[in-house]
1. If I model a spin label as a point 7 Å beyond the Cα along the Cα-Cβ vector, how far apart are those points for Glu430 and Thr370 in nm?
2. Starting from the Cα of Trp325, step 7 Å along the direction of its Cβ; do the same at Glu295; then give the gap between the two resulting points in nm.
3. Ratio to report: Rg/Rh of the stretch 390-487, with Cα atoms as the point set and Rh obtained by the Kirkwood method; give two decimals.
4. Where does the stretch 288-397 land on the Kirkwood hydrodynamic radius, alpha-carbon pairs, in angstrom?
5. How far is the Cα center of the stretch 227-283 from the Cα center of the stretch 433-488, in Å?
6. Enter the angle in degrees (range 0 to 90, nearest 10) between the Cα long axis of helix 17-32 and the first principal axis of the Cα atoms of the chain, meaning the one along which they spread out most.
7. Can you tell me what percent of all Cα-Cα pairs in the chain are more than 33 Å apart?
8. Which distance in nm do the two modelled labels at Asp253 and Gln442 give, with both placed 7 Å along the Cα-to-Cβ direction?
Amino acid sequence: MNVKTRFPPSPTGLLHIGSLRTALYNYLFAKKNGGAFLVRVEDTDRERYVEGAVESMIRTLETVGLTYDEGPILVDNTLAEKGNNGPYTQSQRLSIYKEHAQKLVEQGSAYHCFCSKERLEELRSQQQIAKLQTKYDRHCLKLEGEEISRRLAAGESHVIRLLIPDGETTFQDEIRGAITISNSEIDDQVLLKADGFPTYHLAVVVDDHLMGVTHVIRGEEWISSVPKHVILYQALGFPLPAFAHLPLILNTDKSKLSKRQGDVAVEDYLQNGYLPEALVNFVALLGFNPSGDREIYTIDELVEAFDLSKVNKSGAVFDRTKLDWMNGQYIRSVDSSRLFELAKPYFASASVLEDEQKKKILEVEKERLTTLKDLEDRVGMYTTLPEYSATDLIWKMTDAQDAKLHLTNLVKLIESLEPSVFERRELIEEAIKKYIGDNGYQNGNVLWPLRVALSGQTQSAGPFDLLWVFGVEEGNRRIAIAINKLTS
């Protein structure tokens, strides 16, 4: 069997973290099995449609590295498609759904319903008062063919409903095992709405079949809909795909992940300085972990290890602390040139600096970053020396004279060094530590005032790193300011 999975987002806003996981698991499963991965836009809910959401989704999937074999793409910022099973946007497939809905009516698996919105609301209200299950009462199922034809010819508003058979429906879930639901619990679902648009249930079954989807991997909120889909597959004579329903992603208080408790859009995390590969790694482990002894995986390692049988049934907690830790690990390990490209937007306040100096700053600061956005609070010190007190320069039990002595000597030392020394941090460190050792000084007495003089802060990168970034001229300028503070 040629495996094919799909990710079918609705263009109702930015890409949700939960949707990213769904897309990722479909991608991993397809690649693990040498199959294909397609993207389909499910835009039949026109009331919730958001302009630009499709383009945003495409860019986000590209940013995080989830390439797909079929679906909508951007060519010069214009929507296009790749693949032989399109259109891949449901609003462009209305005639296909109408044809299949009509087939179901003709064979007696579906029927026309002319009930008004007011009647349906009254029916639901009465059922709720009587504490009955709220479902359609099949009022229009008894209509004769002649009456149906007359009302259709008159252009009367109507929908097409699925006729749920008696009995029960059983399906196999690749994560949860066999699931059986009594058909008496299932409503006669609307398949085709009055405006000619399909509901999710008809469109997803028709599209998955026509596009050759073999495995439907999606969130557990769709489990209750599977019996309707199984009945539709059987009525249309389509073979069933394999089903796998993923656990919920939860807040730390075990509630469903929601905007009320923090960011839920992938774009928000990317804009806030989380690396795409860190986000993918973290999301992959929300309900699945290849082994218990490690947390960091490349995308290729995730592909190799992915197995639906290892996906948990219970909800996965979105632990922001763990994401922060993981992102820090990636910041410190990713290729320097790639990291710099990702970090460029966060140097906006340091636009006066040359790229080479920015690269040095990033190299120095990355050891202390949780996200790249943290740079925005750190780079200002490299362009403008912060205000600080002379007392900040004094190390523990020493005094201003001791700090001034060492800073004065360091100015002379720095000026005496060959320019090549400032090309490598370890050579700067070697020269200053030689000064300390040759004179029998304590490290803190020398390095503390030097670090504060260079950064204007009591907490910053180390003095060797700072001198490497600033160089001789700017380094000594800042030290001279410190000496002046200690003198006045």
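Each value in this text was obtained by applying a stated rule to the coordinates, not by laboratory testing. Note that the structure is a prediction, hence the values are computed from the model and not measured. Here the Cβ is made from the backbone with ideal geometry for all residues, glycine too, and neighbour counts use every protein chain on show.
1. The answer from the label model is 3.8 nm.
2. Spacing of the two 7 Å Cα→Cβ label points: 0.3 nm.
3. My calculation of the ratio gives 0.92.
4. On the way: mean 1/r = 0.0581 Å⁻¹.
Here the Kirkwood hydrodynamic radius works out to 17.2 Å.
5. Spelled out, the Cα-based centre of one part sits 51 Å from the other.
6. Relative to the chain, helix 17-32 is tipped by roughly 80 degrees.
7. Working: 64930 of 118828 pairs.
Counting every Cα pair in the chain, those more than 33 Å apart make up 55 percent.
8. Distance between label points: 4.9 nm.
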